[in-house]
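The values are calculated or read from the model by the stated rules, or taken from the named source; none is laboratory data. These numbers come from a predicted model, not from an experiment. When we count neighbours, we look across all protein chains shown, and the Cβ atoms used for this are built from the backbone with ideal geometry, even at glycine. With ligands, DNA and RNA removed, areas are computed over all heavy atoms of the protein, side chains included. Shrake-Rupley method; radii C 1.70, N 1.55, O 1.52, S 1.80 Å.
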Amino acid sequence: METIVMAGKPVAEEAKSRITAKIELAKAQGRKITLAIVVVGDDAASHVYKKRLVKITESLGAEAMVYELAANVQQAEVEKLIEKLNDEDEITGILPMMPLPRHLNSDAIGTAITPSKDVDCLNPLNAGEVYLARSKWAPCTPRACMAILNYYGIEVEGKNVVVLGRSNVVGKPVALLLVQENATVTICHSRTKNLPEILKQADIIVAAVGIPSFVKPEMVKEGVVIVDVGINAVDGKFVGDVDAAVSAKAAAFTPVPGGVGVVSNMMVMDMLSRCL
Ligand code: NAP
């Protein structure tokens, strides 16, 4: 059986035409569509991500406004900026780049974003809607994972899916979305015992652990489907959380780069269009 390389580009392209049509319609009605990107400090990955988002936002005919704050900015100042953006009619959606510097309380900053402008579902009200499975909202990266599986015809119903990682932005919400699609989901994290044994049972692995090449070929079964969320800088290149050698055993896998990340960026645009 031939291995399917689940490239992100066609998935993103398919979503793009739908999103562009919505943005064009809103513009024709005289509405301005602006994404506010808040970057704190000099985290290199955040700045790369910011540049990509600005480019993609503009390519869809919307506008991006970047707000850069110093690494040592105080919590109150970030929240003040968020509140100002909440109140500005011209701002459609708000996205703070994560991770924020450690002295800042990311939860409180997410909570400060008004729910209707909360592009990455950081406000607990939106996260709660995802938990209750009744939401038009869900964080962008988990939605990207689901869009990829759907596009490449990977059925999740009844499958054993192992989600590696339990962060609020990736692991937990992707597990919820998978359960909503009737998968049987196991969430693993740094305290999980016998991880290789659990991984070996998986029909599908969603890896969001943030450790380069963490999942090795001997940990997975033949024919596994790999969704690799990881983006780790190693020797000036980006590698995933799954060792490249795993692809030889996989029925399908997302490449890094060029997999989940590409779709995730487009999902930001999708969420922006939902804020309209
Ligand atoms: P995170 O907040 O650091 O969470 C990592 C998770 O991995 C935690 O739940 C942690 O467990 C778990 N973990 C750490 N070491 C482990 C180990 N040895 N065994 C098992 N589990 C372990 O990371 P994140 O924000 O979810 O991001 C994960 C990865 O995805 C990163 O590489 C990030 O760059 C990437 N990412 C990509 C996109 C995209 O668009 N493609 C978007 C967001 C993030 P504990 O909870 O026990 O600490």
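Selection within region 182-204: residues that are within 12 Å of the ligand (Cβ to nearest atom) and part of a helix (DSSP H, G or I). The member of this set that is surrounded by the most Cβ atoms within 10 Å (Cβ to Cβ) is Leu199. For residues in region 58-80 being farther than 26 Å from Pro257 by Cα and β-branched (Val, Ile, Thr), which is surrounded by the fewest Cβ atoms within 10 Å (Cβ to Cβ)? Going through the qualifying residues, I end up with Val73.
Select from region 1-34 the residues that are of a type in the set (Lys, Arg) and touching a strand residue (DSSP E or B) at 6+ places or on another chain (Cβ under 9 Å) and list them in ascending order. Hit for region 1-34 is Lys32, nothing else.
Of all residue pairs spaced 6 or more apart or on separate chains, those with beta-carbon atoms under 9 Å, a first member in region 7-23 that is more than 14 Å from Gly259 (Cβ to Cβ) and a second member that is of a type in the set (D, E, K, R) and open to solvent by 30 Å² or more (accessible area, probe 1.4 Å) are Lys22/Arg274. In summary, Val209 fulfils each of the numbered conditions (1) in contact (Cβ under 8 Å) with a residue 40 or more places away in the chain; (2) open to solvent by 20 Å² or more (accessible area, probe 1.4 Å); (3) away from the ligand (no atom under 16 Å from the Cβ); (4) within 20 Å of the chain's Cα centre (by Cα) with the single exception of condition (3).
For the residues Leu95, Leu81, Leu69, the requirement of being within 27 Å of Lys22 (Cα to Cα) and among the aliphatic types (A, V, I, L, M) singles out Leu95. Scanning region 34-57 for residues that are surrounded by 13 or more Cβ atoms within 10 Å (Cβ to Cβ), of a type in the set (A, V, I, L, M) and modelled with pLDDT under 95 gives Ala45, Val48.
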